[in-house]
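What follows is a single structure, written as structure tokens, with notes after it.
The values are calculated or read from the model by the stated rules, or taken from the named source; none is laboratory data. Note that the structure is predicted; figures quoted are calculated from it, not measured. Backbone-built Cβ (ideal geometry, glycine too); neighbour counts: all protein chains shown.
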């Protein structure tokens, strides 16, 4: 779990994921991205996310800014609460689901008795982060769905199936105190986060940016080496 909106999280998460990868561990990473107005954190979060994705078997991205864009009346604390609840709900559900070994974007909404409205808010949040043609697979988790009429569930399935391919969408229902929708979408292609690092368009072969600093070289020079 990496809060890339914070300086400590952006700095430590690539190191921890790299150590896990070197130990041949399966790495599932959750990355929380900053708000757009946190301009001093955008660049570092983009670099950190790039390295985190390279070290992870699967990366799930939660974008606070996309949630705020689709719900501009929310306070920052309400955004954090919605995000934390979505992560908590998802972690209890993904053990029975198959995850794509690609970049995944988690989108959600506030609790709403109207699940169709909650679904539309989740899709609006998703479209803030990527283009529709980049979405390859989507898993829809309906919380509180045991108390929802089947006609509503069927209507939601038709809405999602009309936007994405039917065979690329799956719906799962789970018990919850509130009613809301969480979408986990597999992405291939560009996302808004690629633009967080303006130098990211430069190919890896032409980039002189090492994850690990160079070590001291054992050579006979009468000058001090700076570590």
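Any residue at all in segment 91-98 that is surrounded by 15 or more Cβ atoms within 10 Å (Cβ to Cβ) and modelled with pLDDT under 85? Yes: segment 91-98 contains one or more residues that are surrounded by 15 or more Cβ atoms within 10 Å (Cβ to Cβ) and modelled with pLDDT under 85.
Every residue, every condition in (1) at pLDDT below 70; (2) not in a loop (DSSP other than H, G, I, E, B), yes or no:
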| position | (1), (2) |
| --- | --- |
| 171 | no, yes |
| 182 | no, yes |
| 189 | no, no |
| 195 | no, yes |
| 210 | yes, no |
| 213 | yes, no |
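Evaluating residue 37 against the criteria (1) touching a helix residue (DSSP H, G or I) at 6+ places or on another chain (Cβ under 7 Å); (2) at pLDDT below 90 leaves one unmet condition, (1).
Which of the following residues is closer than 16 Å to residue 164 by Cα and surrounded by 16 or more Cβ atoms within 10 Å (Cβ to Cβ): 124, 110?
124
Within segment 132-149, the residues that satisfy the criterion of being touching a strand residue (DSSP E or B) at 6+ places or on another chain (Cβ under 9 Å) and modelled with pLDDT of 80 or more are 134, 135, 136, 137, 138, 139, 140, 141, 142.
The single condition among (1) modelled with pLDDT under 85; (2) surrounded by fewer than 16 Cβ atoms within 10 Å (Cβ to Cβ); (3) assigned to a loop (DSSP other than H, G, I, E, B) that residue 88 does not satisfy is (3). In the set 152, 160, only one residue is in a helix (DSSP H, G or I), at pLDDT below 80 and touching a strand residue (DSSP E or B) at 6+ places or on another chain (Cβ under 8 Å); that residue is 160. Considering segment 1-80, there are no qualifying helices (runs of 4 or more DSSP H) wholly inside with 3 or more residues that are loosely packed, with under 14 Cβ neighbours inside 10 Å and in contact with a strand residue (DSSP E or B) (Cβ under 7 Å, 6 or more places away or on another chain).
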